[in-house]
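The values are calculated or read from the model by the stated rules, or taken from the named source; none is laboratory data. Owing to the predicted nature of the structure, the values given are computational and were not obtained by experimental measurement. Virtual Cβ from ideal backbone geometry, glycine too; neighbours counted across all protein chains shown.
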Amino acid sequence: MSSHTPADRLSLAIEQGRVPDLHAVVAVRDGEVVLEHYGEGEDFILNEPLGHVRFTPGTLHDIRSVTKSVVGLLYGIALADGQVPEPHESLLAHFPEYPDLAEDPRRAVLTVEHALTMTLGLEWNENVPYTSPANSEIAMELAPDRFRYILRQPIVDEPGVRWSYCGGASALVARLIEKGTGLALEDYGRAKLFEPLGIADFAWSTGEDGTALAASGLRLTPRGLLAIGRLVLDGGRGIVPASWLATALRPHVRLGDGSSYGYHWYMGDTWVGGFGNGGQRLYVAPGLDLAVAITAGQYDLPDQPTASVVLDEVILAGIET
């Protein structure tokens with residue numbers, strides 16, 4: 001089989017069984033769609049099974065933790081409107097409902113930026129399946145007050161020093177947006193990001209208390225997810241301030257694998273992106289004028305290679321020499 005086009009390379013990878021549970025991929029380069037594919041398979045809304053789904057351009061899909069990257073953009077929009085604190089400001093000063101926590105001098109030094117960069121220094125473990133209360137994100141959702149739960153976790157590191165994956169950080173960032181704007185996160189997202197981008201169809205899963213899950217709850221179509229990537233490629237288009245993107249998409253903390261983390265976005269030498277459990281991926285490479293959205297169903301598996309194979313061997317293989 002020819003492998004001259006991304007579609008050819010993808011067909012071969014599917015034939016060889018190398019992209020299991022691939023649900024969809026859409027890629028745009030230089031403003032042109034270079035690949036758009038929809039598959040089928042078992043799917044979920046978080047832990048709720050949807051059964052066997054045939055995916056189409058209009059099918060909503062969990063983007064899981066790519067949600068965090070969207071929340072990072074929403075914070076920048078609210079900041080430009082003067083509705084949320086600057087990153088250098090005290091975090092607990094904006095949670096006055098917990099005066100006992102603010103009295104702890106080691107917690108009092110926490111800033112909003114520590115939440116944006118996931119360097120809070122608090123004990124947090126998401127290395128067990130998202131079906132277990134031993135997972136800190138699930139425990140947060142089961143807690144009577146999710147924000148107190150996050151902020152009272154034991155301090156295990158000096159803030160700002162070490163990156164530690166933390167859905168609680170995203171919940172805090174989202175709460176600041178809700179406090180400052182007076183809107184539920186999903187309503188603010190609709191008004192300030194989704195509608196301006198022409199994204200009419202989305203859903204945002206909520207917790208038992210009705211609060212949108214800032215760490216993992218957003219559902220978009222692949223084209224909707226791609227639209228967010230194209231917005232980043234285009235410098236924010238006045239929807240997200242370019243000055244915020246310049247700050248959010250630069251390395252703030254190094255990760256163990258050689259990549260870096262900004263304000264709720266990952267980045268390598270030539271790309272920025274969002275990653276989600278199961279193989280959800282938003283990949284933006286400004287130097288290539290490339291944006292890629294991938295959805296997949298490899299949820300909670302110890303190895304989730306599909307998104308990487310699609311990106312590296314199907315799309316980038318035809319660009320890079």
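Take the conditions (1) in contact with a helix residue (DSSP H, G or I) (Cβ under 7 Å, 6 or more places away or on another chain); (2) at pLDDT 95 or above; (3) surrounded by 13 or more Cβ atoms within 10 Å (Cβ to Cβ); (4) not in a helix (DSSP H, G or I); R107 misses just one of them, which is (4).
Please enumerate the residues belonging to the range 32-42 that are touching an Asp or Glu at 6+ places or on another chain (Cβ under 9 Å) and either assigned to a strand (DSSP E or B) or farther than 17 Å from P222 by Cβ (or both).
Taking the range 32-42 and keeping what is touching an Asp or Glu at 6+ places or on another chain (Cβ under 9 Å), we get 39, 41-42.
Answer for the range 32-42, where residues must be touching an Asp or Glu at 6+ places or on another chain (Cβ under 9 Å) and either assigned to a strand (DSSP E or B) or farther than 17 Å from P222 by Cβ (or both): G41, E42.
Filtering the range 184-203 to residues that are more than 14 Å from I228 (Cβ to Cβ) and either crowded, with 17+ Cβ neighbours inside 10 Å or in contact with a Lys or Arg (Cβ under 9 Å, 6 or more places away or on another chain) (or both) leaves A184, L185, E186, Y188, A203. Only one of the listed residues (A24, A13, A7) is free of Cβ contacts under 8 Å to residues at least 60 places away in the same chain and either in contact with a Pro (Cβ under 7 Å, 6 or more places away or on another chain) or assigned to a helix (DSSP H, G or I) (or both). That residue is A7.
In this structure, is R18 crowded, with 19+ Cβ neighbours inside 10 Å and outside any strand (DSSP E or B)?
Values: crowded, with 19+ Cβ neighbours inside 10 Å: no; outside any strand (DSSP E or B): yes.
Spelling it out, it is not the case that R18 is crowded, with 19+ Cβ neighbours inside 10 Å and outside any strand (DSSP E or B).
When the test is whether a residue is modelled with pLDDT under 95 and outside any strand (DSSP E or B), S164 does not pass it. Within the range 79-91, residues that are touching a residue at least 60 places away in the same chain (Cβ under 8 Å) sit with their Cβ atoms under 9 Å from residues that are of a type in the set (D, E), at 6+ positions apart or across chains, in these pairs: L79/E86; P87/E113; L91/E113.
Taken together, D43, D62 contain a single residue that is more than 29 Å from T181 (Cβ to Cβ), within 23 Å of the chain's Cα centre (by Cα), crowded, with 17+ Cβ neighbours inside 10 Å and in contact (Cβ under 8 Å) with a residue 24 or more places away in the chain, which is D43. The listed residues are L197, L183, and the only one of them that is in a loop (DSSP other than H, G, I, E, B) and either more than 18 Å from the chain's Cα centre (by Cα) or at positive phi (or both) turns out to be L183. When the criteria are applied in full, T56 fails the requirement of being touching a Pro at 6+ places or on another chain (Cβ under 9 Å) and either more than 27 Å from L226 (Cα to Cα) or surrounded by fewer than 16 Cβ atoms within 10 Å (Cβ to Cβ) (or both).
Listed here are the residues, each with its yes/no results for (1) crowded, with 24+ Cβ neighbours inside 10 Å; (2) more than 17 Å from the chain's Cα centre (by Cα).
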{"position": "G256", "(1), (2)": "no, yes"}
{"position": "Y261", "(1), (2)": "no, no"}
{"position": "G268", "(1), (2)": "no, no"}
{"position": "W271", "(1), (2)": "no, no"}
{"position": "G278", "(1), (2)": "yes, no"}
{"position": "G287", "(1), (2)": "no, yes"}
{"position": "T295", "(1), (2)": "yes, no"}
{"position": "P302", "(1), (2)": "no, yes"}
{"position": "I315", "(1), (2)": "yes, yes"}
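In the condition set (1) in contact with a Pro (Cβ under 6 Å, 6 or more places away or on another chain); (2) among the small types (G, A, S); (3) farther than 30 Å from E113 by Cβ, G297 is compliant with all but (1).
Just checking, does the range 66-85 include any residue being closer than 30 Å to Y165 by Cα, assigned to a loop (DSSP other than H, G, I, E, B) and among the basic types (K, R)?
no
Only a single item in (1) farther than 22 Å from R29 by Cβ; (2) modelled with pLDDT of 95 or more is not met by D209, and it is number (2).
Screening the range 146-181 for residues that are in contact with a helix residue (DSSP H, G or I) (Cβ under 8 Å, 6 or more places away or on another chain) and among the β-branched types (V, I, T) and picking the one that is nearest to L116 (Cα to Cα) gives V173.
Go through A102, A139 for me and flag whichever is surrounded by 14 or more Cβ atoms within 10 Å (Cβ to Cβ), touching a Leu at 6+ places or on another chain (Cβ under 6 Å) and farther than 30 Å from I239 by Cα. Write out each step before concluding.
Numbers: A139 fails: touching a Leu at 6+ places or on another chain (Cβ under 6 Å).
Just one listed residue meets the conditions, A102.
Considering only residues in the range 196-251 that are of a type in the set (D, E, K, R) and out of contact with any strand residue (DSSP E or B) (no Cβ under 7 Å at 6 or more places or on another chain), the one that is nearest to G268 (Cα to Cα) turns out to be R250.
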